[in-house]
1. Return the total of residues in region A:28-73 being part of a loop (DSSP other than H, G, I, E, B), within 30 Å of A:MET407 (Cα to Cα), of a type in the set (Gly, Ala, Ser) and more than 9 Å from chain B (Cβ to nearest Cβ).
2. A:VAL303 fails exactly one of the following numbered conditions: (1) of a type outside the set (Gly, Ala, Ser); (2) within 30 Å of A:ASP93 (Cα to Cα); (3) at pLDDT below 95. What is the number of that condition?
3. What are the residues in region A:204-219 that are surrounded by 15 or more Cβ atoms within 10 Å (Cβ to Cβ) and either touching a strand residue (DSSP E or B) at 6+ places or on another chain (Cβ under 6 Å) or assigned to a helix (DSSP H, G or I) (or both), if any?
4. Out of A:SER403, A:SER436, I need the residue that is modelled with pLDDT under 85 and within 14 Å of chain B (Cβ to nearest Cβ). Which one?
5. For region A:322-345, enumerate the residues that are hydroxyl-bearing (Ser, Thr, Tyr) and more than 11 Å from chain B (Cβ to nearest Cβ).
6. Can you name every residue in region B:159-187 that is exposed (fewer than 15 other Cβ atoms within 10 Å of the Cβ) and under 15 Å from B:GLY91 (Cβ atoms)?
7. Return yes when A:VAL315 is in contact with a strand residue (DSSP E or B) (Cβ under 6 Å, 6 or more places away or on another chain), in the same structural domain as A:ASN484 (by TED's automatic domain parsing) and at pLDDT 95 or above and no when it is not.
8. Go over the candidates A:GLU201, A:GLU166, A:GLU226 one by one and state the one that is over 19 Å from the mean Cα position of the chain (by Cα), surrounded by fewer than 22 Cβ atoms within 10 Å (Cβ to Cβ) and of a type in the set (Asp, Glu).
Amino acid sequence: MDEVILETRNITKVFPETIANKDISFKLRKGEIHALLGENGAGKTTLMNILYGIYLPTSGDILIKGKKVIIKNPLDAIRLGIGMIHQHFMLVDTLTVLENIILGLKEYGFVIDKKAVKKRLKEIENLYSLKVEPDVKVWQTAVGEQQKIEIIKVLFRGADILILDEPTAVLTPQETQSLFKILRKMKEDGKSIIFITHKLEEVMQIADTITVLRKGRLIKTLPKSETTKSQLAELMVGKTQTLDFSRKRPKSNEEILKIENLTVHSDKSLKSLKGVSLSVFKGEILGIAGISGNGQKELVQTVVGLKKAVQGKVVFNGIDITNKPPRYIAQAGINYIPADRLAMGVAPNLSTIDNAIMRRYYRFPLSKRGIMNYRKALAYTMMMAKAYKIKLDNPFAPIKLLSGGNMQKLILAREILENPKLLIASYPTRGLDIASTQFFRQKLIDIANKGKTIILVSEDLDEVLSLSDRIAVMYEGRIVGILNAKEADKNRLGLMMAGVKT
Amino acid sequence: MFYFEKRQQTPGYLKALIPIISLLLGLFIGALAILITGINPLLVYKGLFLNAFGSWYAFSETLVAAVPLILITSGLIVVFRMNVWNIGAYGQYIMGAIFSSYFALFASNGLSKPVMLTVMVIASMVGGAIWALIPTLLKIFWEVNEVITTLLLNYIALYILKFLMYGPWKNPSSYGFPLSKTFPDTAILPIIFKGTRLTIAIIFALLAVLVVWFLIKKSKFGYEVRVIGDNPLAARYAGISVNRNIIIGMAISGALAGLAGMTEVSGIVHYLQVKIGADYGYTSIIVAWIAYLDPLITVLASVLFGGLASGGYSIQITMRVSYGIVGLIESITLFSLVGAQIFLNYRIRWKNGSS
């Protein structure tokens, strides 16, 4: 138990203009679960990418079992027994589970020796109660399942050191518990686990040792038994902040959005929304809770015109907007903060200016008779940056160089400045640090207090509970219940999200 | 040992260096091939250079070849920037030549030169655009990959041309050669520099560059093209009609390739034949890449590749070096360019101990 299996000594990683890691020295012992805790941008992922051979450190050493090693690429890492489970799964959707597991391995032949693979799978199943269907295609499997595949992939390659990057971000509370069970089994078997997260709850549940990073530096390493949640939070943020929203719940019976019996097919032409009906009242914050993949995305995207409804009706402010083009709906007064900012919210390689004007580039004064006025666009961008405290060094540089928080602020500013009647925010604080999260939640409350209507889609139950007036829970393409925020609690929501009738 | 590390941003000097090194690599491999034939490659390249840039006449011939390259590439830039890969400029070029030739051959009665030429310009652009819109509509309605359809339509266009040249449009007094009657004088583009083959087509080419530059840098359409090219999902989210812009872009691309076909038959050849400026449609793809899809750099790159083409024709005659060498140089250049993309996004680092 006390044997140090992996150690970093004074690891420093310098990127042009930023120091992502500074003098980080930490020890991972055999058979422990070591949580790496920190806000976004604290340097957790950089450190892990160094261990996994994606980056080389600028200076500092890595030692495995006391021996100095150089990890140039993931292959080296795998050879040294390090396995990484990324936050975004690295699976090939169109291949089977088995094919994914042995992807890149040469031992199983040009024509895959399925028998041998399955024998090995059986061993892993027996050891860790990790069971998957080997012959199913990955796209047919659920998210929780895909994570198991990723874990098996790593075990298959004989890893003793597992790095899990925010593994619970996509899981239900119940799936999280079953993941923890697997992790404990692996620990008993002598595997060492690095668990990256920013969720204190989970750290207290699963970790043996906790290392807190802040702004690229290692703040402290301490055993779980000697710490508390509030101490960890303080170490993470540097200073404690209180959640205090002054929210006046409106009393309006005016239906601003009415969704009737909405049915939508997913890309695989399965029904992803099964006859959803929902009314949203003027001035309220309606939270939509649910594990991602239960129809929230389809519901929201159909409302804003990005997906076609095969049945049903969406009426906004008295106008039928069912299957109308996105711009028509935006002009009717619905704006949208998409769930994945890099995938949909921005054009990452275009400048901040180009991204800031995305909602109004076609209107005077930004364009006139088909000709753009980029001087006005620049002025507009700078105004936006100032009003929303977006840290903007060079508005002409690609927006992907902004931090997640600043990028998300820009998207929020862009949407709010359109003065929408209804703002739909999908996972607005996902991946943001505590300060930005706070900023966002306050902004949402502010605009709701000004009488705007907000639909807030989130899987962060604390967020949904603290911001919403009412909460609708989605499960398998249906709304399984709508609660007033006052009568809702985490437990009840969690069960509803998992499809348990209450 | 070396390894690749992802870059945050591409340095400017690298962007300038990569096309130059690619071209040098093309010339180097070309030199090896010439060496095998037992000729001194340095002499060949000297001849190539002199025949491309060595005299006013040689340079004018280089410009003659650059004109269609500029026209076609300007159009390709618009669609390439949306990640729509129009490989069919060759076919669109042929259709432009056929459409404009129809008026020159069969409808020239009583039309004055300006009217005739205007009609031919419009016809060629319509012809090229139609040929480009077939694969576009297939792409939009049935998600058929445009790389394959545009490429295959090149062959269909070529066979239509062959059919006309061996069949209905054949000049009865051409002794069996597959070509049409010579165009009437009203259907021939005026020369602007005496003693050269440079016609007012060079003005068309420069106009095309300016229009495309303006479209990309200044217009609303250009903004939408940029967003679509970088992230089509974000474009849809912003309410941009991706399909509408692809249709407009392909129409522009096809029209300019068609216009290039017209300038070739009306300005250079003066009749329609099976072989008209064979490689412009494909060379333009290389030109577009080497110019980083920038309309102004396109002019420079077109002159360079125009020089390679016209110099190549000359050395074939004077030094008996096959024109295939030019094709070899062009293809190696393209390979190097495409291969070098990795250096734009990654940098090479050397493994050096633990530091």
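1. Result for region A:28-73: 4.
2. Evaluating A:VAL303 over (1) of a type outside the set (Gly, Ala, Ser); (2) within 30 Å of A:ASP93 (Cα to Cα); (3) at pLDDT below 95 leaves (3) as the failure.
3. A:MET204, A:ILE206, A:ALA207, A:ASP208, A:THR209, A:ILE210, A:THR211, A:VAL212, A:GLY216, A:ARG217, A:LEU218, A:ILE219
4. Numbers: A:SER436 fails: within 14 Å of chain B (Cβ to nearest Cβ).
Unique residue meeting the criteria: A:SER403.
5. Residues of region A:322-345 that are hydroxyl-bearing (Ser, Thr, Tyr), as a first pass: A:322, A:328, A:336.
Result: A:THR322, single match.
6. B:TYR159, B:LYS162, B:PHE163
7. Values: in contact with a strand residue (DSSP E or B) (Cβ under 6 Å, 6 or more places away or on another chain): yes; in the same structural domain as A:ASN484 (by TED's automatic domain parsing): yes; at pLDDT 95 or above: yes.
The answer is yes for A:VAL315.
8. Values: A:GLU201 fails: over 19 Å from the mean Cα position of the chain (by Cα); A:GLU166 fails: over 19 Å from the mean Cα position of the chain (by Cα).
Selected residue: A:GLU226, the only one of A:GLU201, A:GLU166, A:GLU226 that is over 19 Å from the mean Cα position of the chain (by Cα), surrounded by fewer than 22 Cβ atoms within 10 Å (Cβ to Cβ) and of a type in the set (Asp, Glu).
The values are calculated or read from the model by the stated rules, or taken from the named source; none is laboratory data. Remember, it's a predicted structure, so these values are computed and weren't measured experimentally. No Cβ is skipped: glycine too gets one built from the backbone with ideal geometry, and neighbour counts run over all protein chains shown.
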